[in-house]
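Notes for the one structure printed next.
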Amino acid sequence: MRASEVPRAVAAARSIASSLGLAVDDAIVLHDSNKLTLRLLPCDVLARVAPVAQQVARFEVDLAQRLAEAGCPVAALEPRVEPRVHERDGFVVTLWTYYAPVPPQQVPPADYAGALERLHAGMRTLDVPAPHFTERVERAQRLVADRDRTPALADADRELLDDTLRSLRRVIGERGGEQLLHGEPHPGNVLTTENGLLLIDLETCCRGPVEFDLAHAPEEVAAHYPGVDHDLLRECRILVLAMITAWRWDRDDRFPDGRRLGTEWLGRIRAALARPGPDTQG
């Protein structure tokens, strides 16, 4: 979120929570990206705040409720207030249960895989309209093609990313076997709580093969997930790496040390494509 918007976003969250009868004397910023994540005290509520134009909060709230009812390991909405999307001063605010961090910080791969397997099983029971994963790939392609938004990206690197995104979108899209997915179940979206592992940030949900989700997790996780197509997983890992590399070259990207990572990841993509494996060209 733009620095100039943060004070207004915090004020909107505090105002909404207070109007709902929650005690709010302080707001601690936990995460700042496309949306702001706050811990409101002393009521101890997690608030997620986003500009109205950029939000999919209603989709996330509805999906979180349905997944929780299906027994999936997802973070819960704040139980003391009505589960809905609140709007104030150009921002949308959703209120969630705050989970205090619980060790171990390093999630065992088998537990990680088990949480994903339970999530996927629950998702298969839902009929929820969601974008296909290829739409997210296309957004990355448009970013790479836009020289105004990615002015520092060298021509050779731009060609590498475009070719990789285009070819793997086609190859993976033709493999089939798709279902509803989390979309970005990386370690930052997995919480270790007293209730076990919980997944957060459902706004990225999409449709695709489970290997697309597994590609966001540490490599050791796939060994504990049943029925993995390891050739497809390799392709998905390269595709996901190309996508997150593209975001790092956005001139407006605020990811810590993002440009260095973008350069490092370009090298990893080249190395991965050079290793023997399924054909990803064309």
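For the chain, the solvent-accessible area works out to 48 Å² per residue, with a probe of 1.4 Å and every protein chain left in place.
Proximity of backbone amide H atoms, modeled 1.01 Å from N, is registered between Val74 and Leu199 at under 5 Å, excluding neighbours fewer than 5 places apart on the same chain. Nonpolar atom fraction for segment 109-274, defined as the carbon and sulfur part of the 1.4 Å probe accessible area, stands at 48 percent.
Would you mind telling me the share, in percent, of accessible area of segment 3-97 contributed by carbon and sulfur at probe 1.4 angstrom? So the carbon and sulfur contribution to the accessible surface is 50 percent.
Counted residue by residue at 0.36 nm each, then reduced by the alpha carbon distance between them, the extension gain from Ala223 to Arg124 reaches 33.5 nm. Expressed in units of 2.2 N^0.38 Å, where N is the residue count, the Cα radius of gyration of segment 3-97 is 1.02. One way to sum up the overall shape of segment 62-164 is the equivalent ellipsoid from its Cα gyration tensor, whose semi-axes run 34, 22, 17 Å, largest first.
Based on the Stokes-Einstein relation at 10 °C and a viscosity of 1.306 mPa s, and on the Kirkwood radius from alpha carbon pairs, the chain is assigned a translational diffusion coefficient of 79 µm²/s. Segment 204-282 and segment 40-85 have Cα centres spaced 28 Å apart. Scaled against 2.2 N^0.38 Å for its residue count N, the alpha carbon radius of gyration of segment 109-274 is 1.04.
Using DSSP H assignments, which helices in the chain have an axial alpha-carbon span of 15 Å or above and a mean Kyte-Doolittle hydropathy of -0.5 or higher? TM-like helix candidates: 6-19, 57-69, 109-123, 133-145, 230-248, 258-274. Sketch the reach of a paramagnetic label on Glu194 as a point 7 Å from Cα along Cα-to-Cβ, and name the residues of segment 17-48 whose backbone nitrogen lies under 15 Å away. Counting backbone N atoms under 15 Å from the label point, the list is 44-45. Summarising the label geometry, the points placed 7 Å from Cα in the beta-carbon direction at Leu30 and Arg84 lie 2.4 nm from one another.
What translational diffusion coefficient, to the nearest whole µm²/s, does segment 191-243 have by Stokes-Einstein, given a Kirkwood radius computed over alpha-carbon pairs, a temperature of 4 °C and 1.567 mPa s viscosity? The Stokes-Einstein estimate is 105 µm²/s.
The values are calculated or read from the model by the stated rules, or taken from the named source; none is laboratory data. Treat the numbers as computed from the prediction; the structure is a model and nothing was measured. Note that each Cβ is placed from the backbone with ideal geometry, even for glycine, and that neighbours are counted across all protein chains shown. What goes into the accessible areas is simple: the full protein's heavy atoms, side chains included, and nothing from ligands, DNA or RNA. Shrake-Rupley method; radii C 1.70, N 1.55, O 1.52, S 1.80 Å.
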